[in-house]
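A short reminder: the numbers here are calculations on the coordinates, not readings from a lab. Please read all numbers here as calculations on a predicted model, not as lab measurements. A quick note on method: Cβ atoms are made from the backbone with ideal geometry, for glycine too, and the neighbour counts reach across all protein chains shown.
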Amino acid sequence: MATVESNGVKLYAESTGSGTPIVFVHEFAGDYRNWESQVRFFARRYRCITFNARGYPPSEVPADPEQYSQAHAVDDIASILRHFGVERAHVVGLSMGGYATLNFGVRYPAMARSLVVAGAGHGSDPDKRQRFLADCEELAGRLVRLGMQEGIAHYANSPIRARYREKDPRGFDEFNRQFAEHSPLGSALTMRGYQMRRASIYELEPQLRAMLVPTLVVTGDDDDPCLEPALFMKRTIPDAKLWVVPRTSHPVNLEEPEAFNRTVLDFISAVDQRP
């Protein structure tokens, strides 16, 4: 384990295994522990780096709202890699972490061997944008008023997680127990400072058309808010592949860990074999 400083904020990180590096970037409702199935699989032949975003203990929880943004999230990935002496890595992110991964490829293409952008795009569709922002503000307010346990009840059981509960009840319960351990302040500020202020996937079109990093876009077919953004990324990023996972909702790596691991392995192995 390590403590990494990034723009004045201390981040908790772990490095497991050796070989070509892969860094995993977690979602809003998750933390580094959500990648355990991936670390156990990939660390047999790769160096796996996981970390908690700012606002997620044991990482530091800044009280300043301006310490939470898409730009900070992207820079934090770069800071993690520099701390571990990594020049280039495969970057794998889910949801909020998928956004950070995508933007990392735009801002730091020389540091990215490849990108896996999973479950990214919530709030991007223009007809759903205002509802997304209202839901984010409502959730942030509940977290501040009620704390994590009560504040997340509706969010943790939303339709985009229904398949996870159906397929793996024990895993779903563990996920929610870990979610409830997060900081209500850090989570609320992440929601207001990062989630609500980030550009939509469609607004990134010029940057994505110019980004040449090999990219695997992943979405579950039951993750409705991310389906159209996934198709857009596939059609816009020059070197992109798309994997739509049947009968799967938002947390693809948790719902279908074996399929996720094998597909990501095939993708990064192919990238590593390029001249």
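Close contacts from the stretch 58-72, counting a first residue that is in contact (Cβ under 8 Å) with a residue 60 or more places away in the chain and a second that is of a type in the set (Gly, Ala, Ser), with Cβ to Cβ under 6 Å and a gap of 6+ residues or different chains, come to Val61/Gly55; Val61/Ser183; Val61/Gly186; Pro65/Gly193; Tyr68/Gly193; Ser69/Gly193. Under 6 Å by Cβ, and 6 or more places apart or on different chains, what pairs join a residue from the stretch 107-128 that is among the hydroxyl-bearing types (Ser, Thr, Tyr) with one that is outside any loop (DSSP other than H, G, I, E, B)? Hits for this filter: Tyr108/Ala78; Ser114/His90; Ser114/Ile268; Ser114/Val271; Ser124/Tyr202; Ser124/Pro229.
Screening Arg40 on (1) of a type in the set (Lys, Arg); (2) surrounded by fewer than 22 Cβ atoms within 10 Å (Cβ to Cβ); (3) within 20 Å of Arg107 (Cα to Cα) shows it passes everything except condition (3). Considering each residue of the stretch 81-90 in turn, none proves to be touching a residue at least 40 places away in the same chain (Cβ under 8 Å), of a type outside the set (Ser, Thr, Tyr) and within 21 Å of Ser200 (Cβ to Cβ). Of the residues making up the stretch 43-54, just one is in contact with a Leu (Cβ under 7 Å, 6 or more places away or on another chain) and surrounded by fewer than 24 Cβ atoms within 10 Å (Cβ to Cβ), namely Asn52. Tell me yes or no: at least one residue of the stretch 116-127 is outside any strand (DSSP E or B) and charged (D, E, K, R). Yes, that holds for at least one residue. Residues that are touching a helix residue (DSSP H, G or I) at 6+ places or on another chain (Cβ under 7 Å) and surrounded by fewer than 16 Cβ atoms within 10 Å (Cβ to Cβ) were ranked within the stretch 146-170; the one that is nearest to Asn253 (Cα to Cα) is Lys167.
One residue stands out in the stretch 244-275 among those that are of a type in the set (A, V, I, L, M, F, W, C) and surrounded by fewer than 20 Cβ atoms within 10 Å (Cβ to Cβ): the one that is nearest to Gly123 (Cα to Cα), namely Val244. Within the stretch 171-220, restricting attention to residues that are among the acidic types (Asp, Glu) and closer than 25 Å to Phe104 by Cα, the residue that is surrounded by the fewest Cβ atoms within 10 Å (Cβ to Cβ) is Glu203. Candidates are the residues of the stretch 229-275 that are among the basic types (Lys, Arg) and out of contact with any strand residue (DSSP E or B) (no Cβ under 7 Å at 6 or more places or on another chain); the one that is farthest from Phe172 (Cα to Cα) is Arg274.
Within the stretch 3-33, the set of residues being in a loop (DSSP other than H, G, I, E, B) and either at positive phi or free of Cβ contacts under 8 Å to residues at least 60 places away in the same chain (or both) comprises Asn7, Gly8, Gly17, Ser18, Gly19. The number of residues in the stretch 185-228 that are touching a strand residue (DSSP E or B) at 6+ places or on another chain (Cβ under 6 Å), of a type in the set (Val, Ile, Thr) and part of a loop (DSSP other than H, G, I, E, B) comes to 1. Scanning the stretch 102-115 for residues that are among the aromatic types (Phe, Trp, Tyr) and assigned to a helix (DSSP H, G or I) gives a single hit, Phe104.
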